[in-house]
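This report concerns only the one structure given below.
The values are calculated or read from the model by the stated rules, or taken from the named source; none is laboratory data. Worth saying up front: this structure is predicted, and the values here are computed from it rather than measured. Methodologically, a virtual Cβ is constructed for each residue, glycine included, from the backbone with ideal geometry; neighbour enumeration extends over all protein chains shown. Calculation scope for accessible area: heavy atoms of the full protein, side chains included, ligands and nucleic acids excluded. Shrake-Rupley method; radii C 1.70, N 1.55, O 1.52, S 1.80 Å.
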Amino acid sequence: MSKFSDKTRVLTGITTTGTPHLGNYVGAIKPAIEASQNPSVQSFYFMADYHALIKCQDPKQVQQSRLEIAATWLALGLDTDNAIFYRQSDIREIPELTWMLSCVCAKGLMNRAHAYKAAVADNEESGNQDPDKGITMGLFGYPVLMAADILMFNANKVPVGRDQIQHIEMARDIAGRFNHLYKSQYFTLPEAVVDEKVEVLHGLDGRKMSKSYQNTIPLFVSEKKLQKLVRKIKTNSLEPGEPKDPDTCTLFQIYSAFASSEETEAMRAQYAEGIGWGDAKNQVFEYLNAHLAEPRERYNALMEDPGHIEAVLQKGAERAREEATVTMERLRDAVGLGRFI
Ligand code: TRP
């Protein structure tokens with residue numbers, strides 16, 4: 001059917017809210033860029049900017065985040081001749097497919113979605129009369145949009161965090177329902193891939209690094225700001241000379257996510273010898289800074305050249321749409337919305 005059809009298709013989306021941070025890099029960007037270098041894989045990586053509208057109604061912020069995320073992936077070395085890299089909103093066929101899928105998706109399935117249930121639970125807890133207060137159709141139907149992202153390109157594997165597994169299962173469910181109703185294998189059933197080795201990085205306060213906790217270290221802040229943030233990482237009150245436990249230490253975890261295993265072992269030894277926190281923080285800052293300096297320069301240059309980013313994304317959209325338009329044509333026929341002649 002397509003020139004990529006013999007390869008395993010790996011697809012994932014990045015919601016474009018916020019500025020990419022070290023946790024995004026370690027947990028998603030780095031493994032995705034590595035996976036895209038495998039010649040037996042065709043990867044589809046996209047910015048889930050329709051999804052961003054569910055959470056954010058500030059156009060400037062949505063726009064800025066899309067630009068930052070695109071620049072980040074390019075600065076970190078994603079090869080866009082190889083991976084198909086695009087903005088979800090450039091593929092107008094995706095909302096069209098979302099509608100078709102909505103029409104076969106049971107409402108009850110959406111009632112069980114974690115994000116929706118959590119929002120209802122919040123309302124109930126705070127004593128709201130209306131359990132659906134503040135919940136948009138965008139939030140409620142979010143898993144259907146996500147299913148369209150995945151099914152449009154017949155992805156085989158979808159690398160995601162644990163919190164997203166349910167959504168992939170829903171996509172399988174919806175795909176199966178559509179295939180059954182329209183009596184053909186229109187869609188491949190996707191599989192979630194959760195990499196147990198990929199670390200969930202801790203943030204400044206020791207909780208999971210996440211924009212919603214405001215405890216992140218953005219990837220491409222200035223050297224000075226990076227130093228300031230590393231100094232803010234929470235440690236305990238042990239004095240220099242007292243042995244310290246690396247395995248419960250956020251600073252150590254962040255270091256080891258970037259360092260080689262030898263470097264990590266050397267740092268572990270320093271902890272045992274009672275390295276002081278100031279000293280440890282300086283070393284971690286120096287290490288991160290040395291590793292981020294080059295991509296940071298590329299990032300800053302890219303941010304100054306949105307025309308280049310736009311061109312790269314347009315090219316990605318063109319490749320993606322080459323297939324999406326054909327797929328939609330087929331699906332329109334399948335459901336009875338084809339041409340008369
Ligand atoms: N919902 C995903 C998240 O918040 C992002 C996303 C949107 C996605 N569409 C997708 C991930 C399709 C994988 C496949 O992380």
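Condition check for Q164 on (1) buried (at least 18 other Cβ atoms within 10 Å of the Cβ); (2) of a type outside the set (V, I, T); (3) touching a Cys at 6+ places or on another chain (Cβ under 9 Å): one failure, at (3). Of all residues in segment 28-38, exactly one satisfies the criterion of being open to solvent by less than 50 Å² (accessible area, probe 1.4 Å) and part of a loop (DSSP other than H, G, I, E, B), namely S36. Sub-6 Å Cβ pairs linking a first residue in segment 323-340 that is closer than 15 Å to S184 by Cβ to a second residue that is open to solvent by 20 Å² or more (accessible area, probe 1.4 Å) and charged (D, E, K, R), at least 6 apart or interchain, are G338/R332, ordered by first then second residue. If the condition is being within 11 Å of the ligand (Cβ to nearest atom), out of contact with any helix residue (DSSP H, G or I) (no Cβ under 7 Å at 6 or more places or on another chain) and farther than 16 Å from H51 by Cβ, then segment 156-199 contributes K157, R162, I165, V193.
Among the candidates T8, T80, T15, the residue that is β-branched (V, I, T), out of contact with any helix residue (DSSP H, G or I) (no Cβ under 9 Å at 6 or more places or on another chain) and under 24 Å from E323 (Cβ atoms) is uniquely T8. Tally the residues that are surrounded by fewer than 17 Cβ atoms within 10 Å (Cβ to Cβ), in contact with a Gly (Cβ under 9 Å, 6 or more places away or on another chain) and of a type outside the set (D, E, K, R), restricting the search to segment 213-234. Count: 2. Number of residues in segment 39-55 that are near the ligand (Cβ under 10 Å from one of its atoms), open to solvent by 10 Å² or more (accessible area, probe 1.4 Å) and more than 16 Å from P143 (Cα to Cα) equals 0. Looking only at segment 124-157, residues that are part of a loop (DSSP other than H, G, I, E, B) and within 23 Å of R330 (Cβ to Cβ) come to 4 in all. Within segment 60-85, restricting attention to residues that are part of a helix (DSSP H, G or I) and of a type in the set (A, V, I, L, M), the residue that is nearest to V41 (Cα to Cα) is L74. Checking the stated criteria, I174 turns out not to satisfy the condition of being part of a helix (DSSP H, G or I), open to solvent by 20 Å² or more (accessible area, probe 1.4 Å) and not basic (K, R).
Mind telling me which of the residues M303, M328, M267 ends up being farther than 30 Å from G241 by Cα, surrounded by 12 or more Cβ atoms within 10 Å (Cβ to Cβ) and over 21 Å from the mean Cα position of the chain (by Cα)? Spell out how you get there, then give the answer.
Working: M303 fails: over 21 Å from the mean Cα position of the chain (by Cα); M267 fails: farther than 30 Å from G241 by Cα.
It is M328.
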